[in-house]
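Contents: one structure, followed by commentary.
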Amino acid sequence: MLNISKIKDGKKLTVALEGRLDTNTAPQFETELQGELENLKELVIDIKSLEYISSAGLRVLLSAQKSINKAAGEMKVVNVSEDIMEIFEVTGFSEILTIE
């Protein structure tokens with residue numbers, strides 16, 4: 001189960017994720033982001049309440065990062081737990097994503 005909350009403020013979008021970002025929920029997250037990425041200059045993904053992320057979830061984050069980069073914007077991932085940070089480090093995503 002994944003709960004997604006979005007707050008848009010001009011060209012900035014903050015997305016808070018709660019639950020599990022896995023094979024079952026990644027398509028939902030991707031769909032939620034697709035219509036929002038155009039015209040954004042800043043995307044903040046708050047994963048304070050994210051319990052788990054799978055390779056499918058990582059793929060959606062990478063896709064969002066590429067889309068934002070094309071638009072000359074910035075994406076950052078905030079409030080990363082120790083467990084999720086370990087996944088980012090093992091997969092090399094800690095080198096790709098801006099993590100605060």
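The values are calculated or read from the model by the stated rules, or taken from the named source; none is laboratory data. Source: prediction; values computed, not measured. Note that we place each Cβ from the backbone using ideal geometry, even for glycine, and neighbour counts take in every protein chain shown. Heavy atoms of the whole protein, side chains included, go into the accessibility calculation; ligands, DNA and RNA do not. Shrake-Rupley method; radii C 1.70, N 1.55, O 1.52, S 1.80 Å.
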message: Out of everything in segment 66-88 that is at pLDDT below 95 and among the polar types (S, T, N, Q), what residue ends up being nearest to Leu33 (Cα to Cα)?
response: Ser67
- line: Selection from segment 80-100 of residues surrounded by 13 or more Cβ atoms within 10 Å (Cβ to Cβ), of a type outside the set (S, T, N, Q) and assigned to a helix (DSSP H, G or I) yields Ile84, Met85, Ile87, Phe88, Phe93, Ile96
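Take the residues in segment 4-22 that are in contact with a Ser or Thr (Cβ under 6 Å, 6 or more places away or on another chain) and open to solvent by 70 Å² or more (accessible area, probe 1.4 Å), then tell me which one is nearest to Val60 (Cα to Cα).
Taking the candidates together, the pick is Glu18.
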task: Within segment 24-68, track down each residue that is in contact (Cβ under 8 Å) with a residue 24 or more places away in the chain, in a loop (DSSP other than H, G, I, E, B), farther than 20 Å from Ile84 by Cβ and not hydrophobic (A, V, I, L, M, F, W, C).
output: Glu36, Glu38, Asn39, Lys41
- request: Return the pairs, sorted by first residue and then second, in which the second residue is open to solvent by 90 Å² or more (accessible area, probe 1.4 Å) and among the charged types (D, E, K, R), the first residue lies in segment 69-95 and is under 16 Å from Val44 (Cα atoms), the beta carbons are less than 6 Å apart, and the residues are 6+ apart or on different chains.
  value: Gly73/Lys41; Lys76/Glu100; Val78/Glu100; Asn79/Lys48
